[in-house]
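A short worksheet on the structure shown next.
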Amino acid sequence: MSFLKEISPLDERRNYNEVLDLSSGDLHRGGIKPITFVRQVLAACFYPALLEDDSLPLDVKQRAESLLRECDGGSIGSYTDSSGITKIKHCVSQFITRRDGGVPSSPDNIFIKSGSQTALMIMLKLLIHSKDSCQTGVLIPVPTYASFTLAVEEQGAAIIPYHLCEEQGWMLQVEELRKALHTGRKTCNPVALYICNPGNPTGHIQSRKSIEEVIRFAAEERLFILADEVYQSCVYGDDTEFYSYKKVLSEMGSTISSTVEMASFNSVSKGFMGECGLRGGYMELVNLDPAVKQYASRLFSTRSCPPVVGQIALDLMADPPKPGDPSYPTFSEEVQAIKNTICKNTGRIQEVFAELPGISCQPLKAGFFVFPCLHFSLKAIKWAKKRQMEPDMLYCLCLLEETGLHVRPGCEYGQRKDSHHIRLFVATQENIMEDALQRLKTFHTRFMKEFS
Amino acid sequence: MSENGALPLRGKVLTVDTMNANVKKVDYAVRGPIVQRAVQIEKELKEGVKKPFEEVIKANIGDAHAMGQRPITFFRQVIALCTYPQLLDDNKFPEDAKNRARRILQSCGGNSIGAYTTSQGIDCVRHDVASYIQRRDGGIPSDPDNIYLTTGASDGIVTILKLLTAGEGRTRTGVMISIPQYPLYSASIAELGAVQINYYLNEEKCWSLDISELQRSLHAAREHCNPRVLCIINPGNPTGQVQSRQCIEDVIRFAAKENLFLMADEVYQDNVYAEGCEFHSFKKVLFEMGPEYSSKVELASFHSTSKCYMGECGFRGGYMEVINMDPEVKAQLTKLVSVRLCPPAPGQALMDLVVNSPQPGEPSYQTFMKERTAVLSALAEKAKLTEEILNTVPGISCNPVQGAMYSFPRITLPERAINEAKAKGQAPDMFYCMKLLEESGICLVPGSGFGQREGTYHFRMTILPPTDKLKIMLNKLKEFHQKFTQQYS
């Protein structure tokens with residue numbers, strides 16, 4: 001079947017039975033099962049009659065009971081504090097302290113929201129003067145995920161793009177930040193620097209040194225750091241480690257660590273939880289002006305409170321079963337299985353791509369996606385131009401039509417001019433990944449041949 | 001940067017002066033300073049500090065479960081089944097609950113309630129919502145494509161206001177809202193930098209809405225802004241009035257004539273108690289007024305899982321139905337809601353159960369109806385009780401609580417009290433409510449948080465505490481008021 005015709009009409013015979021959706025970062029949609037402990041606790045919280053059930057392990061019941069005690073009227077149907085249930089905020093701050101090797105974290109600086117996206121939007125709302133004669137600017141990486149760009153635009157801010165360096169594994173280079181800021185200052189008032197680490201869609205992860213450089217840059221240039229760290233527990237590259245911005249900041253000497261203003265974000269949507277639909281996320285505020293914090297609290301209160309189920313999921317993420325707990329064996333097996341799956345998938349992806357012409361990929365270190373580069377011939381680019389579409393968008397549409405594989409085009413995330421990419425979700429069941437890779441391989445080989 | 005690498009001392013990037021100026025104007029009395037004080041007092045009680053009361057009664061917020069109302073068994077069973085599908089094998093759960101759960105799970109990615117849903121909301125839920133609306137409104141069709149599931153009704157309300165807010169200076173969007181109103185509206189209007197246009201409800205006529213008042217306020221507003229939106233809360237919050245059908249027709253006619261977008265906040269639609277009162281949805285009335293109106297008037301109606309007989313505030317479930325929205329604007333709305341990804345899936349599932357509750361013949365029907373009826377009849381009883389007791393207090397006058405969950409009685413304050421309050425820089429009814437809290441542990445919200453006519457004072461209390469506690473609370477209130485009046489005469 002030639003590509004050099006119109007996109008096939010809907011009723012044409014298809015050579016696949018179902019669509020493989022690798023377009024969104026959704027663990028469960030990808031076939032990975034939820035963590036048993038999490039679902040058992042949630043079910044018991046929803047329907048406390050289950051607490052009398054013999055089938056539920058003791059630690060599940062104890063956790064559910066202790067969480068229900070924190071809810072007014074013992075019901076998860078009650079409103080909570082606007083910034084989240086106090087005990088859960090304590091739990092989150094302890095999680096942060098453990099993660100950061102002892103760096104203190106106060107529950108007063110933790111704000112639970114309906115997903116990290118909502119938290120990010122509230123911070124943007126605080127930072128952005130949408131009516132000023134001089135537009136507020138926010139530095140945003142290219143590439144970055146589309147909903148965030150939309151959120152910034154929605155608030156009326158100017159986007160100041162800074163390019164990640166693809167050739168160096170999508171590295172964040174401070175020189176590029178500096179260049180972007182300099183350009184941005186000509187047309188707007190830059191106030192915030194948004195970082196996604198580990199990155200979406202790129203999967204890059206910053207070295208400790210890189211984080212220090214960025215923090216120093218933000219300090220010098222007086223920028224508020226928005227550190228989106230929702231993929232912090234998805235790290236699989238060899239010799240790769242996640243460093244939180246907070247931890248690095250705390251180790252940079254008191255002048256910087258007590259002045260640089262920052263909000264870091266985490267969520268139950270990613271990692272081993274994958275509970276995107278429950279909408280549980282938090283932000284930790286560092287060095288925020290206390291007067292601003294008061295206004296922020298008031299702003300949060302108008303949204304009444306974050307969904308209680310999301311808050312509970314956060315508690316379980318921050319304080320999972322420990323060795324010795326009845327649920328621990330199953331829990332650790334399930335988490336390990338997810339890690340293994342992702343490792344196997346990323347391995348297979350790199351193997352398959354290595355064999356294919358016209359597609360190349362930076363080393364996969366972290367996150368939930370791979371963002372390979374497609375090398376289109378002039379012929380292919382001309383064909384797309386004729387259809388008034390971005391080449392990678394057209395590639396994805398044809399891929400979907402021809403093989404039923406759904407991935408997203410790089411043009412939705414931003415990329416250097418004349419470069420093209422696709423974004424694939426990697427945390428899916430192994431057999432689904434294999435199927436997806438075969439479909440991609442078949443399509444891509446034909447595509448490259450057709451447009452050679 | 002100085003030579004030794006240290007930063008010169010500078011102010012913060014984000015200060016009260018550099019932050020979004022609109023945020024400063026945001027106030028939400030329902031969770032404001034009086035509630036903060038109440039929480040503090042609760043802490044003190046826990047620590048053993050002696051007070052003239054043993055517990056704080058939080059009658060400030062419309063949270064039914066917090067006040068002891070039980071969740072509907074069927075709903076919680078289905079949600080538990082959706083959450084932990086292993087329970088589908090457990091014979092302790094009724095078959096109808098299992099069927100609902102299976103149906104919901106089938107529409108979720110990976111059959112999990114933890115997957116993202118589409119930003120507009122799970123398809124089958126939107127279909128069920130549309131069917132419910134159709135049934136409720138006597139067959140008037142509802143298109144699932146016009147249904148947006150939301151994170152509580154608040155999310156939908158703020159989203160529509162955002163969509164409608166535009167212009168600068170004299171062309172800035174004006175939003176008409178009742179006085180008194182639920183402060184989400186005033187807060188959102190402030191946050192968005194829109195212009196608040198007050199229209200006063202008529203306290204003497206049981207908080208009814210007069211078209212002449214709408215006209216007056218609109219006319220005055222046109223001098224300094226561009227009025228585009230008319231918000232109605234029916235049944236009312238804080239006032240509890242249930243609009244008559246005639247009134248709704250008049251409002252629709254007014255909106256049509258003056259080219260206003262109607263926002264109908266109907267989250268209390270099952271909470272109607274008074275004899276002779278009935279809930280009429282704006283959509284139903286609109287369509288029964290014929291195509292001259294039904295094809296023209298732009299309307300958004302809102303519902304939620306937080307109120308009625310469910311009281312599931314913590315789920316953050318809700319929906320809005322948009323009628324006659326310009327297709328291009330609707331496309332923008334769809335884009336706007338996509339930014340926050342999706343509403344919580346359990347809230348969506350719960351909304352599905354609310355609009356698709358057990359039917360006669362189904363195993364759970366009897367229990368469901370029993371529970372639902374118990375909640376609503378208790379509320380009706382408490383509404384009457386509240387009105388009766390408060391009206392026996394000289395200096396307190398309470399309109400009938402026709403619906404919703406609150407009473408908003410008017411209080412007469414002695415001149416001396418008013419002056420002392422003003423000297424403290426406090427609204428007189430805040431002064432009153434703070435004293436009430438400190439002396440009796442009852443937490444209410446002062447009327448100034450909702451808006452009221454100049455020179456009048458009110459408070460809002462919920463009718464949610466269990467009947468016995470409510471009686472105690474009302475009597476304590478009575479005692480306090482008499483003491484307060486005497487003290488400041």
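The values are calculated or read from the model by the stated rules, or taken from the named source; none is laboratory data. All values reported here derive from a predicted model rather than from experimental measurement. Every residue, glycine among them, receives a Cβ derived from its backbone with ideal geometry; neighbour counts consider all protein chains shown. Note: accessible area is taken over every heavy atom of the protein model, side chains too, but ligands, DNA and RNA are not part of it. Shrake-Rupley method; radii C 1.70, N 1.55, O 1.52, S 1.80 Å.
What longest range of chain A stays clear of loop-exposed trypsin sites (Lys or Arg not before Pro) (DSSP non-H/G/I/E/B, at most 12 other C-beta within 10 angstrom)?
So the longest stretch without any such site is A:187-416.
At 7 Å along the Cα-to-beta-carbon direction for both B:LYS335 and A:ASP239, put a label point, then send me their distance in nm to one decimal.
Roughly 4.6 nm, to one decimal.
When the Cα centres of region B:348-411 and region A:239-279 are compared, how far apart do they sit, in Å?
45 Å
In whole percent, what relative contact order does region B:146-305 give with Cα contacts below 8 Å and a gap of six or more residues?
22 percent
May I ask you to give the average projected area over all directions of the convex hull of the Cα atoms of chain B, in nm² rounded to one decimal?
29.5 nm²
Mind jotting down the three principal axis lengths of chain A based on Cα atoms? Whole angstrom, largest first.
Largest to smallest, the principal-axis extents are 65, 60, 40 Å.
Using a 1.4 Å probe over the heavy atoms of the protein chains, calculate the carbon and sulfur portion of the accessible area of region B:116-355 as a whole percent.
49 percent
Can you compute 3J(HN,Hα) from phi for each residue in region A:61-69, using the Karplus curve 6.51 cos²θ - 1.76 cosθ + 1.60 with θ = phi - 60°, rounded to whole Hz and x for Gly and Pro?
5, 5, 5, 4, 4, 5, 6, 5, 4
Report the full-extension gain for the segment A:ASP108 to A:ARG446: residue separation times 0.36 nm, less the Cα-Cα distance, to one decimal in nm.
Residue separation times 0.36 nm, minus the Cα-Cα distance, leaves 116.0 nm.
Quick one: longest stretch of chain A between exposed loop GluC sites (Glu not before Pro), exposed meaning at most 11 other C-beta atoms within 10 Å and loop per DSSP?
A:19-240
Give me the Å³ per residue figure for the convex hull around the C-alpha atoms of region B:1-155.
It is 329 Å³ per residue.
Within a 10 angstrom radius of each residue's Cβ in B:334-345, how many Cβ atoms of other chains show up on average? Whole number is fine.
So the per-residue partner count for this stretch is 6.
Using a 10 Å cut-off around each Cβ of peptide A:35-42, what is the average number of partner chain Cβ atoms that fall inside?
Taking all residues of A:35-42 together, the mean is 4.
Let me check I've understood the local charge: for A:TYR328, count other residues with C-beta under 9 angstrom from its C-beta, Lys and Arg +1, Asp and Glu -1. What total comes out?
Result for the local shell: -1.
Need one number: buried accessible surface between chains A and B, 1.4 Å probe, both sides summed, DNA, RNA and ligands left out, in Å² to 100.
In total, chains A and B hide about 6200 Å² from solvent.
Work out, in µm²/s and without decimals, the Stokes-Einstein translational diffusion coefficient of region A:92-191 at 37 °C, 0.692 mPa s, Rh from Kirkwood over C-alpha pairs.
211 µm²/s
Can you give the Kirkwood hydrodynamic radius of the protein assembly as shown from its Cα pairs, in Å with one decimal?
For the protein assembly as shown, the Kirkwood estimate is 29.5 Å.
Within the set of other residues whose C-beta is less than 13 Å from the C-beta of A:PHE369, count the net charge using Lys and Arg as +1 and Asp and Glu as -1.
That sum, taken over residues with Cβ under 13 Å, equals +2.
Taking GluC sites (Glu not before Pro) as candidate sites, keep only those in a DSSP loop with at most 14 other Cβ atoms within 10 Å, then name the longest stretch of chain B containing none of them.
Maximal segment without exposed cleavage sites: B:279-453.
Normalised by the number of residues in chain B, what is the relative contact order in percent for Cα pairs under 8 Å and 6+ residues apart?
21 percent
Evaluate peptide B:61-68: per residue, the Cβ atoms of other protein chains within 10 Å of its Cβ; return the mean as an integer.
So the per-residue partner count for this stretch is 6.
So how far, in whole Å, is the C-alpha centre of region B:424-486 from the one of region B:203-233?
Between the Cα centre of region B:424-486 and that of region B:203-233, the gap is 28 Å.
Measure off 7 Å from each Cα along the Cα-to-Cβ vector at A:ARG98 and B:GLU292, then give the distance between these two points in nanometres to one decimal.
6.9 nm
How big is the Rg/Rh ratio for region B:116-355, C-alpha atoms only, Rh by Kirkwood, two decimals?
When Rh is taken as the Kirkwood radius, the ratio is 0.94.
Contact order normalised by length for region B:267-330, with contacts defined as Cα pairs under 8 Å and 6 or more residues apart; what percent is it?
Relative contact order here is 31 percent.
Report, in listed order, any pair from A:LYS186/A:LYS293; A:LYS339/A:LYS365; B:LYS384/B:LYS476 with a Cα-Cα distance greater than 21 Å.
Among A:LYS186/A:LYS293; A:LYS339/A:LYS365; B:LYS384/B:LYS476, the Cα-Cα distance tops 21 Å for A:LYS186/A:LYS293.
If you wrap a convex hull around the C-alpha atoms of region B:50-128 and split its volume per residue, what is the figure in Å³?
Value for region B:50-128: 176 Å³ per residue.
What number, in nm² with one decimal, is the all-direction average of the projected area of the convex hull of the alpha-carbon atoms of region B:51-90?
Its Cα hull, projected and averaged over all orientations, spans 4.6 nm².
Tell me, what HN-Hα J-couplings in whole Hz come from the Karplus equation 6.51 cos²θ - 1.76 cosθ + 1.60 at θ = phi - 60° for each residue of region B:353-363, using x for Gly and Pro?
In residue order, the calculated couplings are 6, 4, 8, 9, 7, x, 9, x, x, 6, x Hz.
Separation of region B:278-292 and region B:74-124 by C-alpha centroid, Å?
Value for the Cα centre distance between the two parts: 34 Å.
With θ set to phi - 60° and the Karplus curve 6.51 cos²θ - 1.76 cosθ + 1.60, what are the ³J(HN,Hα) couplings of region B:342-350 in order, to the nearest whole Hz, using x for Gly and Pro?
After applying 6.51 cos²θ - 1.76 cosθ + 1.60, I find 7, x, x, 4, x, x, 5, 4, 5 Hz.
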